[in-house]
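The values are calculated or read from the model by the stated rules, or taken from the named source; none is laboratory data. Since the structure is predicted, the reported quantities are computational estimates derived from the model, not experimental observations. Neighbour counts are summed over all protein chains in view; Cβ atoms, including those assigned to glycine, are modelled from backbone coordinates with ideal geometry.
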Amino acid sequence: MDTTKNPWKIHSKEIRYENNWISVWHHEGLNPAGTPGIYGVVHFKNKAIGIVALDNEGYIYLVGQYRFPMNRFSWEIPEGGGPLTEEPLATAKRELLEETGLVAQHWEEILKLDISNSVSDEEGVIFLATGLTQETPEPEETEQLLVKRIPLEEAYNMINKAEITDSITVAAIQKVMLMRYEGSLNK
């Protein structure tokens with residue numbers, strides 16, 4: 001198998017739905033077995049950005065909000081979308097301030113991920129932010145947020161108890177725990 005070649009033969013594609021954040025593409029063609037098939041792809045017009053804000057005492061900041069698609073409340077690291085043309089770090093700085101009021105002195109990109117690659121092309125970038133100072137949050141009008149500061153280990157335990165299920169948050173916290181275990185993280 002050639003891992004660089006798409007095994008699908010696409011005959012047609014069209015946008016079936018579009019808004020400011022996504023477009024939904026309908027593809028028709030031949031699937032890898034050579035029989036007619038369809039594929040729907042959600043194209044994201046932004047890159048997903050997540051921030052693990054870690055203070056000097058080993059605490060991180062979680063943001064809680066109601067997530068419309070899931071129809072439930074969700075605890076997450078600060079995260080948001082940034083235009084594909086914007087540097088991810090600029091988005092991360094803006095999102096951290098917007099959602100928590102925190103400003104970080106030190107930034108490190110720690111992880112890249114494909115959010116849900118079976119149905120979307122959304123890419124994510126996660127940063128570790130340290131050297132934190134508190135300013136005033138600037139939430140968007142569509143956001144109703146709760147912010148809490150908890151020990152990193154408690155957030156990790158929330159993942160193990162399925163109290164945190166957001167994929168970006170799960171990957172980010174596990175990455176920071178791994179960094180701590182490997183000794184590449186001081187706290």
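Within region 55-79, track down each residue that is in contact with a strand residue (DSSP E or B) (Cβ under 6 Å, 6 or more places away or on another chain), closer than 18 Å to Ser167 by Cβ and not acidic (Asp, Glu). Hits for region 55-79 are Ile60, Leu62, Val63, Gly64, Tyr66, Arg67, Phe73, Ser74, Trp75, Ile77, Pro78. With the structure loaded, tell me whether Thr91 is among the polar types (S, T, N, Q) and either over 15 Å from the mean Cα position of the chain (by Cα) or surrounded by fewer than 16 Cβ atoms within 10 Å (Cβ to Cβ) (or both) or whether it fails that test. In short, no.
There is at least one residue in region 156-166 that is polar (S, T, N, Q) and touching a residue at least 24 places away in the same chain (Cβ under 8 Å). With the structure loaded, tell me whether Glu143 is under 18 Å from the mean Cα position of the chain (by Cα) and not in a loop (DSSP other than H, G, I, E, B) or whether it fails that test. No; evaluated as a whole, the condition is false for this residue.
Does region 20-62 hold any residues that are free of Cβ contacts under 8 Å to residues at least 12 places away in the same chain and part of a strand (DSSP E or B), and which are they? Correct list: Pro36 only.
Among the residues of region 72-87, those that are buried (at least 19 other Cβ atoms within 10 Å of the Cβ) and not aromatic (Phe, Trp, Tyr) comprise Glu76, Ile77, Pro78, Glu79, Gly80, Gly82. Is there a residue in region 121-130 that is small (Gly, Ala, Ser) and surrounded by 19 or more Cβ atoms within 10 Å (Cβ to Cβ)? Within region 121-130, one or more residues are small (Gly, Ala, Ser) and surrounded by 19 or more Cβ atoms within 10 Å (Cβ to Cβ). Cβ-Cβ distances below 9 Å connect the following pairs, each with a first residue in region 120-141 that is closer than 15 Å to Ile168 by Cα, a second residue that is modelled with pLDDT under 95 and among the polar types (S, T, N, Q), and a separation of six or more residues or different chains: Glu122/Ser116. Considering Ile150, Ile159, Ile173, the condition of being at pLDDT 95 or above, assigned to a strand (DSSP E or B) and among the β-branched types (Val, Ile, Thr) is satisfied by Ile150 alone.
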